[in-house]
Amino acid sequence: MNSATTNEQASWPDDAIEVGRIIDAWGIKGGFKVTPFSSDPQALFSSRRWFLKPAADVPGRPASPVVRNAQALPATLKITSAREQGDVVVATSPDIPDRNAAEALKGARVFVSRESFPTAGDGEYYWIDLIGLDVVNRDGVALGPVVDLIDTGPHCVLRVRRPEAAPDAKPDDAERLIPFVDAFVDQVDLAARRITVDWGLDY
């Protein structure tokens, strides 16, 4: 293994979280556009180092036809600016000097270290921190783990997989949908990896 590969692996954070996808170049001076995976892309703004992987690295997903020369994709980018532009984030990096270099990034997956995320406000949580937590009701009955969330606009909804669900069960049969609002959520204990809710087994 050469030293460049070793350094690349050493620089990749253990807590890397995928936060967006580079979709195109921006302007003629090396800017590029990123589609964020969150409606509030603060994770992209809070980190000055982004980590990249080609779309071909997504298990079960075919390589994106817009990824050019994936082997030459830089493992990291030092970010000098990042700002919202409509529904996308426009960023610049000293590692990307011109439009040709920016176009070569199209399709790249963007990761940042979880440690670099801004501190959540009181009663606020990042989705990534809720996924995997065990949900129990006030009687201590296990309702299942959080497998994902749904953003409905006014609030989020927990997708909780029923413990008794068969591995091949359809989502409608395998999951409970619990609104993530104060009326139903009593406590979120990140340290204990548990969410307590006011929710019956027959809901």
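Here, each number is a calculation from the coordinates, and none is a lab measurement. Fair warning: this is a prediction, and the values are worked out from it, not measured in the lab. Every residue, glycine as well, gets a Cβ built from its backbone with ideal geometry; the counts of neighbours run over all protein chains shown.
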Restrict the check to segment 190-197 and report whether at least one residue is surrounded by 17 or more Cβ atoms within 10 Å (Cβ to Cβ) and of a type in the set (Ser, Thr, Tyr).
yes
Condition first: surrounded by fewer than 19 Cβ atoms within 10 Å (Cβ to Cβ) and on the phi > 0 side of the Ramachandran plot. Can you find one or more residues in segment 128-135 that meet it?
yes
Conditions (1) in contact with a strand residue (DSSP E or B) (Cβ under 6 Å, 6 or more places away or on another chain); (2) outside any helix (DSSP H, G or I); number of the one not met by Gly107:
(1)
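Being hydrophobic (A, V, I, L, M, F, W, C) and either part of a strand (DSSP E or B) or within 16 Å of Ile96 (Cβ to Cβ) (or both) is the filter here; which residues of segment 29-56 pass it?
Restricting attention to segment 29-56, the residues satisfying the condition of being hydrophobic (A, V, I, L, M, F, W, C) are 32, 34, 37, 43-45, 50-52, 55-56.
Phe32, Val34, Leu44, Trp50, Phe51, Leu52 - these are the residues of segment 29-56 that are hydrophobic (A, V, I, L, M, F, W, C) and either part of a strand (DSSP E or B) or within 16 Å of Ile96 (Cβ to Cβ) (or both).
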Any idea how many residues of segment 76-94 are assigned to a loop (DSSP other than H, G, I, E, B) and surrounded by 14 or more Cβ atoms within 10 Å (Cβ to Cβ)?
2
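Can you name every residue in segment 153-171 that is of a type outside the set (A, V, I, L, M, F, W, C), without any contact (Cβ under 8 Å) to a residue 24 or more places away in the chain and not in a strand (DSSP E or B)?
Gly153, Pro154, Arg162, Pro163, Glu164, Pro167, Asp168, Lys170, Pro171
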Checked segment 150-162 for anything under 18 Å from the mean Cα position of the chain (by Cα) and buried (at least 18 other Cβ atoms within 10 Å of the Cβ); matches are Leu158, Arg159
